[in-house]
Amino acid sequence: MSRLTASLALKPLEEGVFAALADPAYEANSGMFGGWTAALMVNAALSDGRASGSCSSLSMHFLKMIPPGSALRVTTRPVGGSKSLTAWQVEVAPEAAPFPSTIGTVVLAHRHASDARSECQMPQAAAPETLPPFSPPGPFGQRTENRIARGERLFDAPDTVSHGWVRETSGRTCDAIQLAYLCDVYAPRVFHISKGPRPTSTVTMSLSILAGPDELAAVGDDWILNEVTATRIEQSQAGSHARHWSRAGKLLATSDQLCWFR
């Protein structure tokens, strides 16, 4: 079992209720890494015995920091859908907390063959093996490789665009859970227009998974390219949009975030 898989382990307590642990190995600068929390929520929805299908999307709100090392209560509840799509409400809360720290909706889909088209093209990027390694701050950064192909100048940069190869180091095969983890591996966009680091936290994150389970599995534990740009930074809020590519040039997913900063 990979280290990431072990850290996302869920113990069923009753229907739609699981116990988990906020693994300190995946701590960021302040609290648990947001990608770890996203992966936990996808894992919970897929682990509910009433669920079926593959993950199509995740929309989540970060309400409060999750303390590393804390015991967690994760709840899942179906909130509607059809034969093809079902929506699940997922909440993550420290065991003794009266309110959840993170809430969100996971949509599971039964995918069907259909017409196909993509208007997006993967940006040109040097191979990850040719680029110097970079570790994001915090324990999670020691378990997450990052090779920056564009946007290596982080502060007072000419623009907010970055292209970064990312991978989780435990050898885990890519799936929706791992994609949820990796989609959050990039610097806050406000850093690009700042003189140095500043307090920032993610408020909302949404992920649309465009690749099916077989296509994700074909990625194996190879690198994924995160192509990220700010949408607008103003009034203590920073929006960003990201595209997530396989090395073969397939668009696996897109994501959006809203961050608060001081």
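The values are calculated or read from the model by the stated rules, or taken from the named source; none is laboratory data. Just so we're clear, the structure is a prediction, and the values are computed from it rather than from any experiment. Because the Cβ atoms are built from the backbone with ideal geometry, glycine has one as well, and the counts that use them run over all protein chains shown.
When we screen 77, 73 for residues that are basic (Lys, Arg), assigned to a strand (DSSP E or B) and in contact with an Asp or Glu (Cβ under 8 Å, 6 or more places away or on another chain), the only hit is 73. Going by the structure shown, is residue 86 buried (at least 20 other Cβ atoms within 10 Å of the Cβ) and either more than 20 Å from the chain's Cα centre (by Cα) or more than 27 Å from residue 139 (Cα to Cα) (or both)? When the stated conditions are applied, residue 86 passes them. When segment 122-150 is filtered for residues that are touching a residue at least 24 places away in the same chain (Cβ under 8 Å) and farther than 30 Å from residue 68 by Cα, the ones remaining, listed by number, are 122, 123, 125, 128, 131, 149, 150. When residue 163 is tested against the conditions (1) under 17 Å from residue 226 (Cα atoms); (2) free of Cβ contacts under 8 Å to residues at least 60 places away in the same chain; (3) crowded, with 18+ Cβ neighbours inside 10 Å, the lone failure is (2). Filtered by the rule that a residue be among the small types (Gly, Ala, Ser) and at negative phi, segment 47-70 gives 47, 49, 51, 52, 54, 56, 57, 59, 70.
Any residue that is over 16 Å from the mean Cα position of the chain (by Cα), closer than 30 Å to residue 112 by Cβ and not in a strand (DSSP E or B) - is there at least one of those in segment 19-40? Scanning segment 19-40 turns up no residue that is over 16 Å from the mean Cα position of the chain (by Cα), closer than 30 Å to residue 112 by Cβ and not in a strand (DSSP E or B).
Taken together, the residues in segment 223-260 that are crowded, with 16+ Cβ neighbours inside 10 Å, within 19 Å of residue 194 (Cα to Cα) and either modelled with pLDDT under 95 or touching a His at 6+ places or on another chain (Cβ under 9 Å) (or both) amount to 5. Look through segment 80-96, keep the residues that are part of a strand (DSSP E or B) and not small (Gly, Ala, Ser), and return whichever of them is farthest from residue 46 (Cα to Cα). Going through the qualifying residues, I end up with 94. Assess whether residue 108 counts as being surrounded by 13 or more Cβ atoms within 10 Å (Cβ to Cβ) and assigned to a loop (DSSP other than H, G, I, E, B). Answer is no for this residue. In segment 23-35, the residues that are under 11 Å from residue 202 (Cβ atoms) reach residues that are outside any helix (DSSP H, G or I) and among the acidic types (Asp, Glu) with C-beta atoms within less than 8 angstrom, at least six apart or across chains, in these pairs: 33/27; 33/184; 34/184; 35/184. If I filter segment 138-149 for residues that are part of a loop (DSSP other than H, G, I, E, B) and charged (D, E, K, R), do I get at least one hit? No; the residues of segment 138-149 include none that is part of a loop (DSSP other than H, G, I, E, B) and charged (D, E, K, R). Modelled with pLDDT of 95 or more, assigned to a loop (DSSP other than H, G, I, E, B) and either on the phi > 0 side of the Ramachandran plot or aliphatic (A, V, I, L, M) (or both): is that true of residue 166 in this structure? Against the criterion (modelled with pLDDT of 95 or more, assigned to a loop (DSSP other than H, G, I, E, B) and either on the phi > 0 side of the Ramachandran plot or aliphatic (A, V, I, L, M) (or both)), residue 166 does not qualify.
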